[in-house]
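Here is the structure we will look at, set down as structure tokens.
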Amino acid sequence: MILTVAWIVPLVGAVALAAFPRWSEARARQWAAAVAALSLLALVVAWVGFDPAGPLFQHVDELRWVPSIGVAYRVGVDGIALAVATMSALVFVAAIVYPVNTLGQPRQYYAWMLFLQSVSLGVFLALDMLLFYVFFDLTLVGMFFLIGRWGHGTPQVSALKFFLYTFAGSLLLLLAIIGLYLSIEPHSFDMRVLIERQPLAGTGLYAGLVFLALMLGFAIKTPLVPLHTWLPQAHVDAPGPASAILAGVLLKMGTYGMIRLPFAMMQETFAEYSLVVGIVALVAILYGALVALGQSNLKRRIAYTSINHMGYTVLGIAVAAAMFSDNLAARQMALTGATVEMVAHGLITGALFLICGSFWQRTGEYELDHYGGLAHQAPLLTGFTVLAAFASLGMPGLAGFVAEFQVFAGTFAVYPWLAVLGVLGILITAALFLDMLRRLFFGRLPLHLGQFAELKRAEWGVLGVLSLGILVIGVYPRFLLTLIEASSVLLVGGR
Amino acid sequence: MPIGDLLPEIVLLVGAVIIVLFASFAPQERQAWAAGLALVALALAAGFSLLQWREPPALTFSGVWALDTAAVATKLLVLLAGAVAVLLSPDWMRSDRRHGEYYALCLFTLLGVIMMASAHDSMELVVGILLSSTASYPLVAYHRSFKPALEAGMKYFLIGALINSLLVVGVVLLFGLVGDTDYTRTAQVLATGGDPLALSVAVACIVLGLTFKLAAFPGHAWMPDVAQGAPAPVAALLTVASKIGAAVALARFVSLLPESQLWPVIVALIAVVTMTLGNLAALQQTDVRRLLGWSSVSQSGYALMAVVVIGREPQALPALLAFLAAYALGNLAAFAVVTHLRGRTALADYHGLGRTQPVVTAVLILALLSLVGIPPLVGFFGKFLLFKVTIAGGYGWLAVVAAINTVLSLFYYLRVIAVTMFKSKDGEVHVLGSWSWLALLVSAVLLLAASLGVEAGLALMEAIRFAG
């Protein structure tokens, strides 16, 4: 029940917002924040009640929905899903509480936010492929309206591009899901059955095509180079909190999907192609980092680092899938690292995009050259940005390091060359973040920034919570690793 | 002669005759009462059709008339579409002083469509198609002083005359080959072989002939004009009802053909061309009704996917009807919105509609998203079943083409949604009266109910099969 509560509560909250037209802006925001926090609380309860020694999927709910085609309402989590879902709920609470200009339509804005939270959590909690697809598609609808209505620049063009591009991916996903569904007798969308039976093992071309469609679908969402071109534009034109959700939550659906569907259900096929996937991930790592280095637009730069970071996650997944390597421990470590990377990236990039939102609210400008010397003017903003940037470039003691260390340690054992080349990505990321910090906060304060305001309480409160999360994971990752390892051991096959 | 087997059709016929008589004698201010009569006739016909559901699939009237679940499901869908269209009409037609016979023409059109779907004999099929065509030509051009309506009527008539004659040529050829027009006999003779060339020509002519009512390539060109120029309730009726009838008729016909024929490939090619053409043409439209017309063409292409695999996949027919039902609900709701907004048609007139007419806009958005196939709306399940049977039937490439087309279609549907939500409004929004509002709500409730009650609908669809 607890998982159902977690995704339904925000939906009810959204409906309530739509139904009460008289609520003021402050009231709508308080309501949305309370509802989002309640959903987070439900997931925390689920976390506490999760037994690391228990079966793969726990807290399972099942209800009849459309039995004649083998669809049912099935939710449940393993450690990976639970970790990502809880992180997502936290990012949503942060994004909702973060102050933003709602352009005179606060109720609609918060209703869409809650709707998006509901369906995003649904993606991570679903145990039925069709339900997964339903939620996966509905996130596009929610994001489309958030970008189109509250974005800046050319929001409608960006929203349309985002929807079309990612919808193309999700249709490939649908075809692949039908392919998986037809491969099993009796036809079923139950993920647990598919994971257990591995129906496509040894079917050659058919399995290859299904795998290709699945991976293309998720690669667009993740996004992997060269399917990333929707991302920078959507990010630049989206409002700050929506960007935080886009990077923090929506991108994770791509990599989470890779773990849940192709990785878990088609182990044999994935193993065959793991080197190819690993190379693509390496390209994404290096290309994302290099292009980010070349950006002079703050938001674009951070957007491209997302491509780089999601590349680490995919690299970890590819290594974990390399079944022929008998180095079980390394593969497990890579999968755990990939999941931690998802959680860490969600928190870090969520914080960075919220910070971008703060810059935009103050000046309406993302160009790095517009800024400089803000360290004295806004010390709190400087502090939080420095922390998030250092976490993002993989400084030990912060969340990003835990993730990247495990991914690279695992990769080194299986594909040493990929690891050697991939580490270059970290070097470039370090350069680009240091350069960004220098141009934003150091040097001389330009005249037009004389009125630049320090963070408000709501802003630094939110950033404080996210930064605390980054620190805790960096210093004491055990609580997170226990949860994730419980599942990665089972998935990789060590128990 | 088991007259009782034809009760729904007889009710429609009698209803239409009564309406004609009523309209001739009733004073001008009571012409709209004919709508009530039409609704009664539709309700009675639907009731009698429901009674036929339980019977095992059977043929009646010496085997020319099918009484199977496929025919009954088609009747119910078509009658439902007719009821929504009739409900939309009184407000729309209010300015026309003598319009009672309009409703009679609607009933005749529906009767023709039902005959198409139930025909188990090629002559019967021709009669059904001609009846629904002739009854709907005047409907399209009902606003005599409105130039686009006349143009649409003319196009509809000319294309209809051309393609229907092609159909008749095909039927005559088939008759010459088989020596009978009865489907059962046709199937038997064809199974034993025959002149392959003549048979191919006959089949090609009949399949192409059916594309007219289906609004599929090459007989599709009337659809956008009718959607734009005809009275909006008639557009709702013709985009939905005749497509359903023709799709079922086509499915019934091709399932007679032996495997040796190449028809699945031909139908698959028609499907590809139809959906691609419809979507590409819709991309450019700045007129919402025309856009809906082209989208309706592309939806015919999707429906044909199920026809392609009808011989290979037992679930293809239920999938076809499920898709058609989902399409009908989405399209009816969309046209109900257009009608309720007094047929406002330029995309620019929809700017900022969400601020002044939130409910109407919500219905429009739901309808369009259902037409794209965004889950959990009913359109998604329709499309999902189509994809499923197409892949299971070995036509994976066709499913991929359809998926690409779905992305294309999303673009123009979203354009409409985006202007209603993101643009600022200009000018006042005038709406029709309470009848159209009622029809709008009915169509929206039907759409939502079907989305929530998918399981019940699919369970019914499972029982659908052809007689004979």
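Descriptive notes on the structure:
- Sole residue being surrounded by fewer than 24 Cβ atoms within 10 Å (Cβ to Cβ) and under 24 Å from B:Ser451 (Cα atoms), chosen from A:Gly104, A:Gly122, A:Gly70, A:Gly49: A:Gly70
- Within the stretch B:256-286, being outside any helix (DSSP H, G or I) and either within 19 Å of the chain's Cα centre (by Cα) or over 16 Å from B:Ala221 (Cβ atoms) (or both) holds for B:Leu256, B:Leu257, B:Pro258, B:Glu259, B:Ser260, B:Gln261, B:Leu262, B:Thr286.
- Filtered residues of the stretch B:185-244 (kept if over 21 Å from the mean Cα position of the chain (by Cα) and buried (at least 22 other Cβ atoms within 10 Å of the Cβ)): B:Thr186, B:Ala202, B:Val203
- Among the residues of the stretch A:446-488, just one is crowded, with 19+ Cβ neighbours inside 10 Å and over 22 Å from the mean Cα position of the chain (by Cα), namely A:Leu455.
- Residue within the stretch B:341-361 that is of a type in the set (A, V, I, L, M, F, W, C), over 21 Å from B:Thr274 (Cβ atoms) and free of Cβ contacts under 8 Å to residues at least 60 places away in the same chain present: yes
- Evaluation of A:Phe324 against (1) within 21 Å of A:Leu481 (Cα to Cα); (2) outside any helix (DSSP H, G or I) (one fails), failing number: (1)
- Of the helices (runs of 4 or more DSSP H) entirely within the stretch B:111-202, those holding at least 1 residues that are touching a strand residue (DSSP E or B) at 6+ places or on another chain (Cβ under 8 Å) and not aromatic (Phe, Trp, Tyr) occupy B:122-140, B:183-191.
- Listed by first and then second residue, the pairs linking a residue in the stretch B:454-465 that is more than 10 Å from chain A (Cβ to nearest Cβ) to a residue that is of a type in the set (S, T, N, Q), with Cβ atoms under 8 Å apart and 6 or more places separating them unless they lie on different chains, are B:Ala463/B:Thr69; B:Ile464/B:Thr69; B:Arg465/B:Thr69.
- Of B:Trp294, B:Trp263, all but one fail to be more than 30 Å from B:Tyr413 (Cα to Cα) and out of contact with any strand residue (DSSP E or B) (no Cβ under 9 Å at 6 or more places or on another chain); the exception is B:Trp263.
- Residue match in the stretch A:185-207 (condition: assigned to a loop (DSSP other than H, G, I, E, B) and of a type in the set (D, E, K, R)): yes
- Among the criteria (1) assigned to a helix (DSSP H, G or I); (2) buried (at least 22 other Cβ atoms within 10 Å of the Cβ); (3) not acidic (Asp, Glu), the one A:Leu164 does not fulfil is (2).
- Selected residue (criterion: nearest to the other protein chains (Cβ to nearest Cβ)) from residues of the stretch A:150-182 that are within 18 Å of A:Leu131 (Cα to Cα) and hydroxyl-bearing (Ser, Thr, Tyr): A:Tyr181
- Residue in the stretch A:379-395 that is out of contact with any strand residue (DSSP E or B) (no Cβ under 8 Å at 6 or more places or on another chain) and farther than 23 Å from A:Ile245 by Cα present: yes
- A single entry from A:Ile96, A:Ile147 fulfils the requirement of being part of a helix (DSSP H, G or I), within 12 Å of another protein chain (Cβ to nearest Cβ) and buried (at least 22 other Cβ atoms within 10 Å of the Cβ): A:Ile147.
- Within the stretch B:422-453, being closer than 21 Å to B:Gly343 by Cα and facing another protein chain (nearest Cβ under 10 Å) holds for one residue alone: B:Lys423.
- The combined condition, being in contact with a Gly (Cβ under 7 Å, 6 or more places away or on another chain), buried (at least 20 other Cβ atoms within 10 Å of the Cβ) and modelled with pLDDT under 95, is not fulfilled by B:Val113.
- Scanning the stretch A:21-64 for residues that are within 14 Å of chain B (Cβ to nearest Cβ) and either closer than 17 Å to A:Ala95 by Cβ or in contact (Cβ under 8 Å) with a residue 60 or more places away in the chain (or both) yields a single hit, A:Pro21.
- Yes/no for B:Thr390 being closer than 21 Å to B:Arg290 by Cα and either free of Cβ contacts under 8 Å to residues at least 12 places away in the same chain or in contact with a helix residue (DSSP H, G or I) (Cβ under 9 Å, 6 or more places away or on another chain) (or both): no
- Only one of B:Val401, B:Val419, B:Val359, B:Val389 that is assigned to a helix (DSSP H, G or I), buried (at least 20 other Cβ atoms within 10 Å of the Cβ), more than 8 Å from chain A (Cβ to nearest Cβ) and of a type in the set (Val, Ile, Thr): B:Val389
The values are calculated or read from the model by the stated rules, or taken from the named source; none is laboratory data. Predicted model, so just to flag it, every value in this text is computed and none were measured. No Cβ is skipped: glycine too gets one built from the backbone with ideal geometry, and neighbour counts run over all protein chains shown.
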